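The structure appears below as structure tokens.
Each reported figure results from applying straightforward, stated rules to the coordinates on display, with no laboratory input. Since we're looking at a predicted model, the values are computed, not measured. Please note: Cβ atoms are built from the backbone with ideal geometry, for glycine as well, and neighbour counts cover all protein chains shown.
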Amino acid sequence: KNQVEQSPQSLIILEGKNCTLQCNYTVSPFSNLRWYKQDTGRGPVSLTIMTFSENTKSNGRYTATLDADTKQSSLHITASQLSDSASYICVVISSSGNTPLVFGKGTRLSVIA
Amino acid sequence: DTAVSQTPKYLVTQMGNDKSIKCEQNLGHDTMYWYKQDSKKFLKIMFSYNNKELIINETVPNRFSPKSPDKAHLNLHINSLELGDSAVYFCASSLLAGASQETQYFGPGTRLLVL
């Protein structure tokens with residue numbers, strides 16, 4: 001069964017600190033993996049898209065890693081800011097026909113001063 | 001100048017009613033999507049249209065009927081609304097078809113509450 005599991009479910013960190021969010025998946029065959037940021041009451045915004053051959057990809061203070069062998073990805077946030085408070089959603093897309101995008105339930109990050 | 005817009009932003013209605021949610025994108029994208037996000041914040045794809053043609057139709061009740069008058073619009077019509085339909089519905093678009101590596105751009109969401 002295609003699944004995406006994210007951990008932790010929620011996280012609270014102090015402003016300026018770093019954090020790492022985890023994503024494990026069982027989606028197969030794999031096409032690409034995406035991280036989205038969703039602010040409260042808003043639609044998701046794409047942070048990174050990674051294909052099978054990519055191990056790491058950065059977008060500003062966000063760095064995503066992908067290990068296609070172990071089917072794990074992480075999103076590392078450096079020097080967190082209050083505006084980083086949001087839900088971070090991991091999405092895995094299969095290369096199999098019309099298989100839908102499989103969404104994780106997200107990690108709720110709260111950055112406090 | 002919003003890239004992906006949805007109307008209405010909020011929709012409160014009674015069980016059994018029929019309602020529509022509209023979505024428009026001005027990005028020139030070929031593909032549009034509808035997602036449902038439930039109370040546990042779990043996003044799930046419902047439909048995907050490429051250039052007015054249905055390409056993904058997940059297991060959703062046939063009370064939900066998407067309509068794409070042109071590739072810039074994908075409306076969602078819901079018949080005989082049920083309590084379980086209460087959720088936030090997001091429209092999205094991407095340049096190319098299906099689940100490619102294209103970035104999806106999401107609308108602000110429509111918060112539907114069925115009483």
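Computed over all pairs of different Cα atoms, the Kirkwood value for the hydrodynamic radius of the stretch A:42-98 is 12.8 Å. For the protein assembly as shown, with the dipole built from +1 on Lys and Arg beta-carbon atoms and -1 on Asp and Glu ones, taken about the Cα centre, which of A:28, B:8, A:63 lies farthest toward the positive end? It is B:8, whose Cα lies furthest towards the positive end. Remark: relative contact order (chain B) = 36 percent; criterion is Cα-Cα distance under 8 angstrom and separation of 6 or more residues. Checking every one of the trypsin sites (Lys or Arg not before Pro) in the stretch B:1-41 against DSSP loop status and a limit of 16 other Cβ atoms within 10 Å picks out B:9, B:40, B:41. Stretching residue A:42 away from residue A:95 to a fully extended chain increases their span by 16.3 nm, per 0.36 nm per residue minus the current alpha-carbon distance. Applying 1/(1 + (r/R0)^6) with r as the Cβ-Cβ distance of residue A:112 and residue A:76 and R0 = 22 angstrom yields a FRET efficiency of 0.70.
Among the cysteines of chain A, A:19 have no other cysteine beta carbon within less than 4.7 Å of their own. One way to sum up the overall shape of the stretch B:1-102 is the equivalent ellipsoid from its Cα gyration tensor, whose semi-axes run 22, 14, 13 Å, largest first.
Here the translational diffusion coefficient of the protein assembly as shown follows from Stokes-Einstein with Rh set to the Kirkwood radius across Cα pairs; for 20 °C and 1.002 mPa s it amounts to 119 µm²/s. Out of every Cα-Cα pair in chain A, what percent are more than 18 Å apart? Considering chain A, 45 percent of its Cα-Cα pairs are separated by more than 18 Å.
A cut-off of 5 Å between modelled amide H atoms, ignoring neighbours fewer than 5 places along the same chain, links residue A:85 with A:111.
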